[in-house]
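Values in this text are rule-based calculations from the coordinates and carry no lab data. Note that the structure is predicted; figures quoted are calculated from it, not measured. Here Cβ is always computed from backbone atoms with ideal geometry, including for glycine, and neighbour counts include all displayed protein chains.
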Amino acid sequence: MSVPIIARSRRTGATLGVALALSALLAALAEPVQPSLGETAPADLFATGLYTDPAARTVDPRHHVFSPQYPLWTDGAAKRRWMSLPPGTRIDASDPDRWAFPAGTRFWKEFAFDGHPVETRYMEHLGEGRWIFATYEWSADGQQAPLAPERGRADAWPLPDGRTHAIPGRTDCRVCHGSGPAPVLGFSALQLSPDRDPGAPHAEPLPLDAVDLAVLVERGLIANAPAGPAPRIPAADPMERAALGYLHANCGHCHNDRGALADLGFDLAHGLNDGTAAARATSFGVALKDPPAGLPDGVDLRIAPGDPAASALLHRAGSRDRLLQMPPLGTALVDEEAIALLARWIANQPRAGDPAPQTEGDNR
Amino acid sequence: MMFLRAVATLFLGLSFILVVALSSTGLLAQETDPVARGEYLVNTSGCHDCHTPWGMGPNGPEPDMSRALSGHPADLQIGPPPDLSEEWVWAGNPTNTAYVGPWGVSFTANLTPDPETGVLRDMSEGQFIDTIRNGRHMGQGRPILPPMPWPAYRNMTDEDLSAIYGYLQQIDPIPNAVPEPLPPGQ
């Protein structure tokens, strides 16, 4: 008996629907349970597109070399940095403190000790705020750079005083890059300002082929860049400028007013529109709420103006005790040059008469 | 048509059996109620083993549920740690809330939602998940000390960690200011 074509189609469709529903149910039951440990990264540095000739380590000339004016302290590592924009795309600088990068943007940062590359860190924007964070560890002969273990690598390179450099794990990347308003930290209007701070600790000479803010604007690689003079931290004197810049680069990625720790009310980042230094306003004379283990008795202020020895910030930045140190990761040696600068800056501040004490977290 | 009815009946029957099975094991409640899921995970993942102080009861050592998940008792004075050797590298106290080892002395945290002393009082759900993922206080601070088995728990899904956070937010708050850890040698 013949079946009308429409009825047959419906029957087939219903059968298919039931089959699909059963398949979906089975697939859901069979799906492996995976934690959210981040996006999958290329297995090898050479697969990220950094080099046109991996064997010769020839960096793709289309990538942009850059150097932030306030470098992050990594135990004296020598660093080289590159970024890449997809052809025809631009950075949106509408928010001066939170540049928006197009999908496909890539960053690389190579860390070398004693003339040997040890690791190259990598970021790639997948779009809609999703980023790959990865670290590639160099082989001893410098010929291979596979993806570092997911948990990182301890004892990756010997440092003075029996310390060692550790390659961070992938979740460690997010500690710094996921704690502020923008995941990209060293590539910003302030960090790329042509008005570079000569007093910045460990200031690097600008590589000849490096781009800065002016070059990016000139090449049309930035949209909505603010007009006006080159960004600069307003400060009472060069020492304060350098100190605030150091705090911005080394502490401000976590301690800012827009990230996960904003409720602490401890802002060491410099916003381009900040009229006064947030670092001063949120640390001078501000009492600690939960003093960490290892802090000397009597040290109960974030910064005690005029008194470095009574300033918790200096004790924490000057410690590498794992319970006390700041930053809590990414460094195994105290940055003595920076500590000396910060101590001079704090000592140079007038002691407060008798200010009404604020308490950490009061603006929560 | 007969075939279609048979398939539909089979599908409905299997679904009914599945629902009954899930309901009878509490799994359905866990799927629909994150707090129930969180409670299940907390009770089966060993959280009480360390975050609830233990005492000697009629059945031997057992967790004191009147202080459930409130961490190391602030009023409990602990003496100097024992001398440890390479063969025995760490030790715990009778409440199973304080531990000594090469890292110093660690105390289990107060996981209850006490607004003054609970460790989660300033921690968002995202920070809690990050904390378990990377083993850092607040997800970005100092390392969490042994013997907290975060390397195992970091393999939980976001949904499960979120459920645990949700459950811990609504248990009874217990004021208990857990001391800061002690560095090695103190």
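May I ask you to derive the FRET efficiency for A:ALA340 and A:LEU208 from their Cβ-Cβ distance with R0 = 30 Å, giving the value to the nearest 0.05? Once rounded, the FRET efficiency stands at 0.45.
Just checking the output field for A:171-177: average partner chain Cβ neighbours within 10 Å of each residue's Cβ?
The shielding value for this peptide is 4.
A simple spin-label model places pseudo-atoms 7 Å from Cα toward Cβ; at B:GLU116 and B:MET65 they are separated by 2.8 nm.
Look at the dipole of chain A built from charges on Cβ: of A:TRP131, A:GLY265, A:GLN144, the Cα furthest out on the positive end belongs to A:TRP131. Distance from the Cα centroid of region B:43-109 to that of region A:182-222 is 52 Å (rounded to whole angstrom).
Under the combined filter of DSSP loop state and at most 14 neighbouring Cβ atoms within 10 Å, region A:41-144 retains these GluC sites (Glu not before Pro): A:GLU128. Relative to the current alpha-carbon distance between A:ASP263 and A:LEU221, full extension at 0.36 nm per residue lengthens the span by 11.6 nm.
In terms of the Cα gyration tensor, with a ≥ b ≥ c the square roots of its eigenvalues, is region B:34-117 rounded because a/c is under 1.5, prolate because a/b exceeds b/c, or oblate? Kindly include the intermediate steps, with their values, before the conclusion.
Details: a/c = 1.77, a/b = 1.70, b/c = 1.04.
It comes out prolate by the Cα gyration axes.
How much length is gained on full extension from A:ASP114 to A:ASN273, taking 0.36 nm per residue of separation minus their Cα-Cα distance?
Working: separation 159, 0.36 × 159 = 57.24 nm, distance 3.95 nm.
Contour length minus the Cα-Cα distance gives 53.3 nm.
Shape call for region A:241-359 from the C-alpha gyration tensor, a ≥ b ≥ c root eigenvalues: rounded (a/c under 1.5), prolate (a/b greater than b/c) or oblate? Cα axes put region A:241-359 in the rounded bin.
Computed from backbone phi with θ = phi - 60° and the Karplus coefficients 6.51, -1.76 and 1.60, the 3J(HN,Hα) list for region A:232-246 is 7, 6, x, 8, 5, 7, x, 5, 5, 4, 5, 5, 5, x, 5 Hz; x is used for glycine and proline. Highest GNM mean-square fluctuation among A:GLY228, A:GLY152, A:GLY169, for chain A modelled with Cα contacts below 10 Å: A:GLY228. Per residue of B:128-134, other chain Cβ atoms within 10 Å of the residue Cβ number 4 on average. The B:THR32 and B:ALA6 beta-carbon pair, evaluated with R₀ = 41 Å, returns a calculated FRET efficiency of approximately 0.85.
Using only the Cα atoms, work out Rg/Rh for chain B, with Rh taken as the Kirkwood radius, to two decimals. Don't skip to the answer; put the middle values down first.
On the way: Rg = 21.1 Å, Rh = 18.6 Å.
Checking Rg against Rh, the ratio lands at 1.13.
Would you mind ranking A:LEU244, B:LEU14, A:LEU333, B:LEU120 by Cβ crowding within 10 Å, fewest neighbours first? Intermediate results must be reported in sequence, preceding the final value.
Working: A:LEU244 26, B:LEU14 12, A:LEU333 15, B:LEU120 19.
Placing the least packed residue first, the sequence is B:LEU14, A:LEU333, B:LEU120, A:LEU244.
Put the Cα centre of region B:119-157 next to the Cα centre of region A:74-134 and the gap is 27 Å.
Between A:ASP237 and B:LEU76, the distance separating the two model label sites (each 7 Å from Cα on the Cα→Cβ line) works out to 5.4 nm. Label the protein assembly as shown by shape, choosing from rounded, prolate and oblate, from the square roots a ≥ b ≥ c of the eigenvalues of the Cα gyration tensor; if a/c is under 1.5 it is rounded, and otherwise prolate applies when a/b is larger than b/c, oblate when it is not. Oblate. Here the 3J(HN,Hα) profile of region A:103-117, calculated from phi with Karplus coefficients 6.51, -1.76 and 1.60 at θ = phi - 60°, is 4, x, 5, 10, 10, 10, 9, 9, 10, 10, 10, 6, x, 10, x Hz, Gly and Pro shown as x. Once the Cα atoms are used to define both axes, helix A:5-30 deviates from the longest principal axis of chain A by about 40 degrees. Of A:PHE111, A:PHE46, A:PHE66, which has the largest mean-square fluctuation in a 10 Å C-alpha GNM of chain A? Maximum among the listed residues: A:PHE46. Taking the C-alpha atoms only, the angle from helix B:2-24 to the longest principal axis of chain B is near 30 degrees. In this label model, B:ALA152 and B:GLN169 are separated by 2.7 nm, measuring between points 7 Å along each Cα→Cβ vector. If only the Cβ of Lys and Arg carry +1 and only the Cβ of Asp and Glu carry -1, the dipole of chain A around its Cα centre is close to 1320 debye.
Applied to region B:57-67, the Karplus parametrisation 6.51 cos²θ - 1.76 cosθ + 1.60 on θ = phi - 60° returns per-residue 3J(HN,Hα) values of x, x, 9, x, x, 7, x, 8, 6, 6, 10 Hz, with x for Gly and Pro.
For the residues B:ARG154, B:ARG37, B:ARG142, a GNM of chain B with alpha-carbon springs under 10 Å puts the largest fluctuation on B:ARG142. Its alpha carbons give region B:72-169 an Rg and a Dmax of 14.8, 42 Å.
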